[in-house]
Structure formats: C-alpha cells, structure tokens
1. Yes or no: segment 29-42 includes at least one residue that is in contact with a Phe, Trp or Tyr (Cβ under 7 Å, 6 or more places away or on another chain) and within 15 Å of PRO78 (Cα to Cα).
2. Scan segment 63-81 and report the pairs whose first residue is without any contact (Cβ under 8 Å) to a residue 40 or more places away in the chain and over 16 Å from GLU34 (Cα atoms) and whose second residue is in a helix (DSSP H, G or I) and open to solvent by less than 50 Å² (accessible area, probe 1.4 Å), with Cβ atoms within less than 8 Å and a gap of 6+ or a chain change.
3. Could you grab me the full set of residues in segment 1-46 that are at pLDDT 80 or above, open to solvent by 50 Å² or more (accessible area, probe 1.4 Å) and in a loop (DSSP other than H, G, I, E, B)?
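The values are calculated or read from the model by the stated rules, or taken from the named source; none is laboratory data. These figures come from a predicted structure and were not determined experimentally. Heads up, the Cβs are rebuilt from the backbone with ideal geometry, glycines too, and the neighbour counts pull from every protein chain shown. Just the protein is used for accessible areas: all its heavy atoms, side chains included, with ligands, DNA and RNA removed. Shrake-Rupley method; radii C 1.70, N 1.55, O 1.52, S 1.80 Å.
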Amino acid sequence: MRSELLSRRQVLAGRSVAKAFGISPPGASAEGLEACTGCGLCAEQCPTGIIRLIDGLPSVDFALSECTFCGERKTVCPEPVFRLDGPCAFTMWPSSLMLA
C-alpha cells in the first residue's frame, strides 16, 4: 500500500489518508467494475435509491435503505458491469480504484 503524505493544512482540516471502501451492487465483480463508465443509470433506476456513485463506480449505501435484489441495475446498464446470471454477492472495493 502506498503511503501518502499530508500537508499541515490537510491535517488541520481533518483530512485523512485512510481510503474508504465501497460495497458494489449485487452482481458486480471487479472485472465488471473495470468496464463501468460511471454513467449513473444504475443509481437513477434503483427503486430503493441505495446505489450511489463513489469515484465514478456504483456503490451500495445501506444507511439509506435495503437491497431488494430487483435486478433493475442489470437491465439499464449499457456496459457489462453486472452479471445477468448466477449468484449475486456484495463485494468490497477500495474507493481509490480509478479507471484509466
């Protein structure tokens, strides 16, 4: 893990070097997230409103509600981010994951 130096201003402002982790929506894998363009259609179509984009990637925020496993994200996503078959699982990804 790469260590990052903080400036005095960042320390006094309370900024942390700790990276937050996101929980990807069900059916999204690390390989699928690499294909994500960050369009936000999955977040717009989520009936419970728990999908948010963090650093351009979909993440589930359980503080807002619960996942009903409706599958809407799979039908609206223009990229192969979500598996259309097989088991759905929530996976963790570092929010520092950036797409090139």
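1. Step one: list which residues in segment 29-42 are in contact with a Phe, Trp or Tyr (Cβ under 7 Å, 6 or more places away or on another chain), which gives 30, 32-33.
Now restrict to residues that are within 15 Å of PRO78 (Cα to Cα): 32-33.
Yes, segment 29-42 has at least one match.
2. Between residues of segment 63-81 that are without any contact (Cβ under 8 Å) to a residue 40 or more places away in the chain and over 16 Å from GLU34 (Cα atoms) and residues that are in a helix (DSSP H, G or I) and open to solvent by less than 50 Å² (accessible area, probe 1.4 Å), the close pairs are GLU72/CYS42; VAL76/CYS42.
3. If the condition is that a residue be at pLDDT 80 or above, open to solvent by 50 Å² or more (accessible area, probe 1.4 Å) and in a loop (DSSP other than H, G, I, E, B), then THR37, CYS39 are the ones that fit.
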